[in-house]
Each structure stands twice: as structure tokens, then as C-alpha cells.
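The values are calculated or read from the model by the stated rules, or taken from the named source; none is laboratory data. In this text the structure is predicted, and so the values were computed from the model without any measurement. As a convention, Cβ positions derive from the backbone with ideal geometry for all residues, glycine included, and neighbour counts pool all protein chains shown. Protein only, heavy atoms only, side chains kept; ligands, DNA and RNA dropped before computing areas. Shrake-Rupley method; radii C 1.70, N 1.55, O 1.52, S 1.80 Å.
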Amino acid sequence: MSVDTAQIEKLENELSASVAAAGDLQSLDEARVQALGKKGRITDLMKQLGGMDPDARKAAGQALNALKDKIAAQIADKERSFKRAALEARLSGERVDVTLSPRPERTGRIHPISQTQEEIVSIFAAMGFTVKDGPDIEDDWHNFTALNFPPGHPAREMQDTFFLPKTEGEEERFAPKVLRTHTSPVQIRTMCNEKPPIRIVVTGRTYRSDYDMTHTPMFHQLEGLVIDTETNFAHLKGCLREFCETYFEVEDLPMRFRPSFFPFTEPSAEVDIGCSRKDGGLKIGAGDDWLEILGCGMVHPNVLRNCGIDPDIYQGFAFGMGVERIAMLKYGIPDLRSFFESDVRWLDHYGFDPLDRPNLATREG
Ligand code: DAH
């Protein structure tokens, strides 16, 4: 038996045609097996070389090897183009339009407390305040004593404060542990650990044993503290005006500072903002009525001393307010208790879209 050039040419035409005819990866593989497989047609002819005389065998062998390479290259080419087409089809099938808005039913809502806290923080951050937090479980010293609460002060009593059971090895000075009744102990923690100038705001949970229309056992407060050598009451007023006007979005907001009492400030004041209460509706910034929104004052020298700060060199102001209260006022939320009932319908109504949050820090102007 022998292999001649015409035979090889004919085979080449047939094999090329079957590679070209393959319409998918599977038929291409069949064409490959048929041409190059162990029992394939090229292999078949290779086997016949043995019976040929050396010169003819050499020529036929070279021609068969060349044919093998050629067909293999054609197959590889075709395979590549099939794979590319498959990838392109997949990519276009999976194309995502990133400019489309998400489906509204899939987005959760930001709780009004979180929203309000974030607004507060962004306003004070713009004024150069740093954000601090402290533990919810406090001790008597940070929550009361260091803040200049006298020994029998009513706020220490059982009906207001959640006391924790005594634990082994508790340091006498700090006992008993309490759930903090206000955010003011974070003032103490900051002043004990940092040197003035100090300019901080705190928002966080606070606890009092109380539950009715206007009280919940857990609620949130905002606290501010500024300590420096020349900080005075005018700075306090300017700072709170800036905050209230930005937060309530009212220019020239009527404000009134009324003398008041807190153990940790002297003098102390309560701040009212102007409002009208006509036809059952509340409007902030207009009218001839007043609404109390916060407490403030100049930090008491005893408090500075308790934290190792010399009141002959340093002075400053502090303020505190209820986060729920200012959230209710700004967003027209009528019932305090609804904040903590986890009613999804309430959250749908009063909550904020996470992708569309009015953020005072990023607002223009
Ligand atoms: N801690 C006070 C409260 O819970 C609020 C407060 C009033 C905080 C005056 C202050 C302040 O820092 O200066 O009622």
C-alpha cells in the first residue's frame, strides 16, 4: 500500500470541509476525532507509510504531518471563534444597566432616629466638633458624682435610674453601675482623658425608668461640650443658634434663653424656639408661641475640677437635648412610643430612603 499526493489533497479537502461545516463545539470535536483521533483518517494514512520505499515515505510523511498541523490549526481557530461568540452572547445576556434605579420595594428605610443623629453630627462636624461616644452601662461616679449631683439628688433615686446589681470587686468610688440616664457622662470621660481645647458632640442611647405618652425607658440624647480658655456664654448662644437654624432650616429663628438649673452648669439655661400652634398644627420659626428644646450652660467649676481641669484657666459650655423630640418636631411625628414599636408601616411612612437622604453636610450653599 502507498500514499500519494492526490490522496492527501483529497483528504485535505474533505477534512477542511468537515471542519468548516461544524456548526458548534460538539460537531467540531467530532470532526477533530474523525481527522486526528487514534482511529482518524490522517492516523490511518500514517499507518500506511511503513510499507513504502524510503524516499516516497519521507515525502508522504512530511505531507501528512503538514496536513495534520493545518487541520489542527483550522480546528483551533474555529474553536476560538465559537468560544468568543459564546462569551459575547453571555455578556450581552447579562448586561446590567447601572443607571437604572433599584426597585423601590427592595430598599429598606433609614429610621428617623438614625437620620436625625446623622443630621446633628454633620452640622456640628461642620463647626469643627469631634464625635464621641461612651458606654451605655455607666457608673454612679461618671453619671452623677463627677457631674456635681449632690448626694440625695432626686435623679439618683430608684424611680428614675436603672441600677445594676452589685458585682464582685467593684471599685467603691464607681459603684453602683447604672444604665446611663443621660449622655453627660461622656463629657466627664472626655475631660478626664483629653486636654483642652475640647470640642465634642455625642449622640446615643439613654435610659430612665419611665413609660407614658411622652416617655420611653430608652431614648436618645445629643450632648455637646466645648472647653477652652476664653469660651463664654456668647459662644454658646452663637453655636446653638447655628445648630437650630440649620437643623430646622429656618433663618433668623426666634430663640429664647431662660434661666434654669442643672447641677453640672452654672449659669444654666433652657432654650425655647419660636413657633405657632394654630389650628392644631405646629409651625416652627413663626408665630408668638415658644417650644422648649434643650438645656445648656457654662460648665460648673466643680465638674472641671473633678476631671483634673483647672477652672482658673479653662472654662466652657455644654448642652443637651432629646433626639426623639427634635426628630418629632422636624418631621411631624406625633407619638414618641411609635419610634420603638418596629412597625414596618410606620417605618415606611416616616423612614428615609437610603439612597435619597437629605444630608445637610452635602447640601449646596
Ligand atoms: N443631661 C441633661 C438631661 O438629661 C441635659 C443637659 C442639660 C445636658 C444641660 C447638658 C447641659 O450638657 O449643659 O436632662
Exercise for the section: Under 16 Å Cα to Cα from Lys330, which lysines show up? Leave out anything in the same chain fewer than 8 places away. Expected result: Lys283
Problem - nm² value of the averaged projected area, convex hull over the Cα atoms of segment 112-364 - result: 15.3 nm²
Problem - Glu157-Met218 pseudo-label distance in nm [points 7 Å out on the Cα-to-Cβ vector] - result: 2.7 nm
Handout entry: Farthest positive-ward along segment 5-94 dipole, Cα basis, beta-carbon charges - from Ser81, Leu67, Ala22
Key = Leu67
Practice task
Provide the packing ranking of 293-301, 47-55, i.e. peptides ordered by the mean count of other C-beta atoms within 10 Å per residue, highest first.
Solution key: 293-301, 47-55
Completion exercise
Taking Cα atoms, the helix 112-126 axis meets the longest principal axis of the chain at an angle in degrees (rounded to 10) of 80 degrees
Handout entry: Heavy-atom surface of the chain, accessible at 1.4 Å and reported per residue (Å²)
Key = 57 Å²
Fill in the blank from the handout: When the charge dipole of the chain is computed with +1 on Lys and Arg Cβ and -1 on Asp and Glu Cβ about the Cα centre, the Cα farthest towards its positive end, among Tyr314, Ile8, Leu294, belongs to Ile8
Handout entry: segment 48-142 - percent of accessible surface contributed by carbon and sulfur, probe 1.4 Å
Key = 53 percent
Handout entry: Degrees separating the helix 5-21 axis from the principal Cα axis of the chain, which is the longest one
Key = 30 degrees
Problem - Computed over the chain: relative contact order in percent, which uses C-alpha pairs under 8 Å that are six or more apart - result: 16 percent
Exercise for the section: Compute the acute angle (0 to 90°) between the alpha-carbon long axis of helix 54-93 and the principal axis of greatest extent of the alpha-carbon atoms of the chain; round to the nearest 10°. Expected result: 30 degrees
Handout entry: Amide H contacts of Ala269 (H built 1.01 Å from N, under 5 Å, at least 5 apart or other chain)
Key = Ser260, Cys296, Gly297
Practice task
Report, to the nearest whole %, how much of the accessible area of segment 248-365 belongs to carbon and sulfur atoms, 1.4 Å probe, protein only.
Solution key: 48 percent
Practice task
Only helical DSSP H runs with n ≥ 4 go in: add -39500 (n - 2.57) per run for the chain, normalise by residue count and round the 222 nm mean residue ellipticity to 500 deg cm²/dmol.
Solution key: -12500 deg cm²/dmol
Fill in the blank from the handout: Sorting Ile123, Gln48, Leu36 by the position of each Cα along the dipole of the chain (Lys, Arg +1; Asp, Glu -1; all at Cβ), the one nearest the positive end of that ordering is Gln48
Completion exercise
Hits in segment 1-38: amide N under 12 Å from the 7 Å Cα→Cβ extension of Ala85, namely 20-28
Handout entry: Cα-Cα over 23 Å, subset of Lys166/Lys195; Lys58/Lys78; Lys47/Lys78; Lys237/Lys278; Lys10/Lys38; Lys132/Lys166
Key = Lys166/Lys195; Lys58/Lys78; Lys47/Lys78; Lys237/Lys278; Lys132/Lys166
